[in-house]
Every structure is written in structure tokens, then in C-alpha cells.
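Inspection log for the structure reproduced underneath, given as C-alpha cells.
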Amino acid sequence: MLVSITVGTVDISVSDALSALTGNSVNTQTHTILFDIRLPRILLAITVGAVLASTGAVMQGLFRNPLADPSLIGVSSGASVGASLMIVTAGGFIQSGALLGLSLVAVGAFLGGFAATLLVYRLATSGIGTSVTTMLLAGIAIGALAGALNSLLSYFSDNDMLRQISLWQMGNLSGASWTKVTIMGAVALLLIWLFPRESKALNALLLGESEARHLGIDVQRVKRRLIVLTALGVGVSVALAGLVGFVGLIMPHIVRLAIGPDHRWLVPASALAGATLLVIADSLARIVVIPAELPTGILTALLGAPFFVALLLQQRRDV
Amino acid sequence: MSLLADHISLHLAGFDLLRNISLQVEAGKVTAIVGPNGAGKSSLLKVLTGEMAPTQGQVYLNNRLLQHWSLLDKAQLLAVLPQHTMLNFPFTADEVVGLGRIPHKTGLSKDREIITEALDLVDASYLQKRLYTQMSGGEKQRVQLARVLTQIWQASHLGDQFLVLDEPTSAFDLSHQKLTLDIVRQLADKAVGVIMVVHDLNLAARCADNLVVFDGGVIAAQGSPEAVLTEALIDKVFGVKSIIAQHPVTKRPLVIT
């Protein structure tokens, strides 16, 4: 994090950064860059990374499928449509119509994500409970529908909008502000506080739903809680940082390879690993094409994928 | 006290899976269920454990309607070993067995002790730190057996405990089949009521206090193995000619086909 704060288009020395952080005076430009740009951005990276990776771990447990990721419940694709819709319909307002420092795009993304999750959950819930298999399929269907809507919106948008849409879909932390950090931080704390309560239930769920019930777990309640928390966490993350891929799918996977599938450790460790990856990726995003910046989402995959492949190869050798 | 099915019927998707079944699983006794494939054995277990609600009739656990027990209290009295468990996450054996302690609040050190003892009991101590996903079918089944044993390891102040086993020995070699029967007998001696579905009639005859023969969703016969196992019944239910002899050592009936 300390290194991360020093890198970027404007170089700031470690000593300057340290003295500024400990309250000593530095020149105003440095101060502005540190406190108004870099620090919120790093904190946003930490919280978004933690939320995406921990919800990923939770979804993989809930679906008993190591290939599940938070987007499976429709939240990312819904958010994507919501964001595109805002960009296309309200293009003019986006710059001016800031609402509480949050852009309309973020609100659209959040609402879109929540609506899609609700739809997927409703589709999969019947009198006898929520079927995760149906949810998986409904998530894919809604995802496809959202993809089509997105393409449709892209088709009707001009070049400028198109660029905004695709930049948003690559995920970007450059719009970080203290307002965003506060919202994201609150959500991250809520998840970190509530997820551990369900970790034993998630462990039992890996055996199967009826086995978990025989162990005294109210499976339907656990499912509902975890889906709501995930939709909230991912919805807010996507709203504030766009689609940052890879973190939610692969980080829990990597952590599981390292420490095993026990959710009491897996969920917090994934959060930590996700936060770390996103801070590193975002730091690199700021420096690889100085003076411009790359969208963070590109870097997470570029960094994470080779690491993951290396882990897989190593695991294959061990067996 | 008992686990009691009172005039149970189960209709599902136009089929009568169970018709007017009454069955009492007594604490301290071993009840074995045999019958052809599709006779309703597993359906009965699902109804007895509350996984499926019967279309008609009621299930009572220790004289109280099954659905009136809280999930957590029920889990302390009723442990269920399914036929297959789809666990494909790399837990170690002791982690899997430890899941059986979820309904209990006995603390980490006591739980560890119980987990070690349970693994030892099912001859799986050597598996303790091995990954579940890398075990053989028989090893997995022993680990799962240990898991449900830890769930009812200590007597409960809530009442008599019951163990439900769906084909517990299907993946076991001879020595582990015998081991399972010994464990079941020990549990019954500790006042646990055991109900198990088995396919091997001789295995059932050897361990059962009450032998229940299912056929087409109804109970064709129940009682002591000596009373139930007749050549006529086996011909009627399974369509197989047989001779009933007596086991020279255990004196239990021996079905020769």
C-alpha cells in the first residue's frame, strides 16, 4: 500500500508520502494528490477487492461449484445494463448531474444489478425452496438477455457513449472519491461482520442441502441471506468501480488451493487476497502507460491469470 | 421412546411411493429394511428424517411431531447417512468428520477428541489428514459414517437418539461390513435406535432386531429375522428361489440362493 501510494503519473517519494500521512506538511500539490486522489483510490481498491473475492468464495460454497462467481446470480450483467442504459439515455447529465458525488451511472448499475438478482432469485424459488441449479441456469439466461440488451444499447449509442460503456465494462478505479470510499467501506465492513456467521453453514452445505439440514442448518434462510449480501456487495462494487473481472472467480480458488475449503478461513483470506490483488493491479494500471492510465479490470486478469495457471500446473505436478 | 411412522402415505408426481406405512424404530434396537429396488425404502427414510413431508400420516420423534422439533434440536437427536454424498471440495477427513459437530457446542478440544475417536472407530485414523477428494469409495463412506457418528456421540438431554443409514455398507469390503455391524450393535447397546436400509439379506438377518421387508410401497412383512425370512416371502418379493438355513455360529437365518 505504501509503495502503491508513491507510484503514478506524478512521482512522490516514499519519505514525502510518509511524512504527509503522519501529518507533517508537504507541498500542497503532493498533499492533494495523496489525500484526494491516491489514498481514496487505494482504499477503494482494497474494499472492492475484498468484497468481490469474499462474495466469490461465498457463492462458490453456496453453489457447491468452484467455478461459480458472484456474477452468476445476475448481478454483474444486470448492473452492466443499468450502467449502459444510463450512459445512453442520460449521457448529457452524467458530467453535470452528480448526485451526492455518485454518478447516475453508478445508481443505474446498482439498480440494474439488484433487479437482475431479484429476478434470478424469484425464478429459482418455488414452494419447496430455492434451487441453486435453477438459479445457475436462470443466472445464465438473465446474463444472456442482459448481454443482448447491452449490445442493443451499444448499437444505438454514438462513439463517445460507446467508449464510455466499454471503459466502464473494463472496470476502473480512477473515479475514486472519499464518498465512494465511505459507501464501499461500509458495505465491506458489513460483509466482513456478517459472513463469518454463515461460514459453518457454508461448510455443511458443501455436503449437500439435505445433509446440511440434517446438521441443523436452516438452508433456505442461509441462502437468502448470502444472496442478499452478495447482491449488495457486488452491486455496490460494480456501481462504484465498474466490472472488475477475475477477482471474484479466481482469488477464492487460489486461496482454496493454498489453505483448503474451510469457509471460516477461506472467506476472510479471500478478502485479503482480493484486496491485495486489486491494489497491485491498480498501482500497475497507473504506471504502465504514463501519462495515461489503463482500466484496472484489464490488469487484474493480466496479473491473476498467469499466476493461477502456474498454481494449477504446480498442483498437477504434486498429484 | 421411538421414531415412529404413523400411517404414512407418499404420493409424488402421480406415483404412490408409500402406502399406509406404520413403523416404529425403537431406541436401543436395530431395524433393518430390505426390499427390491424402487420398493420405497429410501422414500421412507426421507419421510422419517423430515426431508419429505408425507402426503398422509405423521412422523413422531420421541412422541413429538417431527416438524415441531427445531432444526437444531432435531440434529442433536437424529443423524442421517445418505447413500451418496456429493462432496467435491478438498476437505481433509477430520474436517469432514468435524462437520458432524456443527449442531453441538462442546468446544474445540472436546470436538477434536470426538473426531479422533470416531475416525479410529471406523478404521480411518490413517486418513485423518488426507484429502476427501482423493479417497477411494470405501474410504469416503467410512469418513461419512464417522461424521454421522460424531453427531450422536454423546447422549442428549433432549431424548433418545436415532441413526438413519441408507445402504451404509454398499462400498465396503468384508471386514468393514463386519465393522459397521459391530458399530451399529454398540450404538444400539447405548440406547440409540438404528434404522438401516441394506441389500444383503444375510447381513440384515445378522444385525436386525426388527426386519422390515418392503415391496411396492407397502410393508410385506416385519418382525424378527427368524419369523420374517421364509422361502415363500423371498420368492414373492424378490422372485428368487431360495433355501433358508441356520447360520452354524450366530444361529440367525441364512438365505442361500
C-alpha center-to-center spacing [the range A:171-193, the range B:51-73] in angstrom: 46
Long pairs among A:223/B:190; B:105/B:190; B:110/B:140, criterion Cα-Cα beyond 26 Å: A:223/B:190
When only alpha-carbon atoms count, how far does the range A:188-319 stretch along each of its three principal axes, as whole angstroms with the largest first? 58, 40, 18
Relative contact order for chain A: what is it in percent, counting Cα pairs under 8 Å that are at least 6 residues apart? 30
Across all directions of projection, what mean area in square nanometres is found for the Cα convex hull of the range A:259-318? 4.7
Average other protein chain Cβ within 10 Å of Cβ, residues B:59-72: 1
Could you tell me, in Å, what Rg and Dmax come out for the Cα atoms of the range B:155-257? 14.6, 48
What full-extension length gain, to one decimal in nm, is calculated for residue B:112 and residue B:24 as 0.36 nm per residue of separation minus the Cα-Cα distance? 28.3 nm
Please arrange A:135, B:135 by counting, for each residue, the other beta carbons lying within 10 Å of its beta carbon, fewest first. B:135, A:135
Residue by residue through B:40-53, how many Cβ atoms from other chains fall within 10 Å of the Cβ on average? 1
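If N is the number of residues in chain A, what value comes out of its Cα radius of gyration divided by 2.2 N^0.38 Å?
1.02
Using packing as a proxy for protection, rank B:4-13, B:93-102 so that the peptide with the highest average count of other Cβ atoms within 10 Å comes first. Spell out each step's value before the answer.
Details: B:4-13: 16.0, B:93-102: 24.4.
The most tightly packed comes first, giving B:93-102, B:4-13.
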How would you order B:246-253, A:268-275, A:195-202, A:143-150 from highest to lowest mean count of nearby Cβ atoms within 10 Å? A:268-275, A:195-202, A:143-150, B:246-253
Relative exposure of A:253, A:31, judged by other C-beta atoms within 10 Å (fewest first): A:31, A:253
Rounded, prolate or oblate: pick one for the range B:25-73, where a ≥ b ≥ c are the square roots of the eigenvalues of its C-alpha gyration tensor, a/c under 1.5 means rounded, and failing that, prolate if a/b is larger than b/c, else oblate. oblate
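Given the peptides B:151-157, A:109-115, A:61-67, B:72-78, arrange them by the average over their residues of other C-beta atoms within 10 Å, most packed first.
Details: B:151-157: 16.3, A:109-115: 25.3, A:61-67: 18.9, B:72-78: 20.6.
Sorting B:151-157, A:109-115, A:61-67, B:72-78 by mean packing, highest first, produces A:109-115, B:72-78, A:61-67, B:151-157.
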Per Stokes-Einstein, at 25 °C and 0.890 mPa s, what whole-number D in µm² s⁻¹ belongs to chain B, with the Kirkwood radius over Cα pairs as the hydrodynamic radius? 130
Other chains' Cβ within 10 Å of B:81-89 residues: what's the mean? 5
Provide the descending list of Cα extents for the protein assembly as shown along its principal axes, expressed in whole angstroms. 97, 48, 43
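Read-outs throughout are calculated quantities, based only on the coordinates presented, and are distinct from any laboratory measurement. For clarity, every value in this text was computed on a predicted model and none was experimentally measured. Cβ atoms come from the backbone with ideal geometry, glycine included; neighbour counts cover every protein chain shown.
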